[in-house]
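The values are calculated or read from the model by the stated rules, or taken from the named source; none is laboratory data. Since the structure is predicted, the reported quantities are computational estimates derived from the model, not experimental observations. All Cβ positions, glycine included, derive from the backbone under ideal geometry; neighbour counts span all protein chains shown. Only protein heavy atoms, including side chains, enter the accessible area calculation; ligands, DNA and RNA are left aside. Shrake-Rupley method; radii C 1.70, N 1.55, O 1.52, S 1.80 Å.
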Amino acid sequence: MRQMPSSDMVILISFLAVLLIFFSIDVRSRDSADSKPWHAQLFEWASRIGGVSAAVSLALGWVDLFIPDESSPIHVALVAVPGSLAVLCAIILGLEMLWQRRDPL
């Protein structure tokens, strides 16, 4: 895997911060009831997993930003893997719009 320049890392960190805000708003707007359909539970867990993944990736990327490039103990994969999982969860939550229905008045 290639090394990431600092400018690319800043862009990635900014993107992950936006995803983290999205996931935190989404998690807080959900009610947790035990008798939900399978897709409602899937979207609830996707929001939780995505938020944790975005937070881990954001924290590791932030630390990596301030470590010199020659001696960085944080590999790019340690930022990319949880970040990719967060993006996957965001895509899954985007699919939630297919199941979301409005109740008729």
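Tabulated data
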item: Residues satisfying the stated conditions in region 80-105, i.e. at pLDDT below 80 and either surrounded by 11 or more Cβ atoms within 10 Å (Cβ to Cβ) or outside any loop (DSSP other than H, G, I, E, B) (or both); result: 97, 98, 99
item: Subset of region 1-37 (residues that are at pLDDT below 80, within 29 Å of residue 73 (Cα to Cα) and either acidic (Asp, Glu) or not in a loop (DSSP other than H, G, I, E, B) (or both)); result: 6
item: Residue 18 vs. criteria β-branched (Val, Ile, Thr), without any contact (Cβ under 8 Å) to a residue 24 or more places away in the chain and open to solvent by 80 Å² or more (accessible area, probe 1.4 Å); result: yes
item: Selected residue [crowded, with 18+ Cβ neighbours inside 10 Å, out of contact with any strand residue (DSSP E or B) (no Cβ under 6 Å at 6 or more places or on another chain) and in a helix (DSSP H, G or I)] from 40, 55, 77, 59; result: 55
item: Filtered residues of region 19-56 (kept if farther than 19 Å from residue 81 by Cβ and hydrophobic (A, V, I, L, M, F, W, C)); result: 21, 22, 25, 27, 33, 38, 40, 42, 43
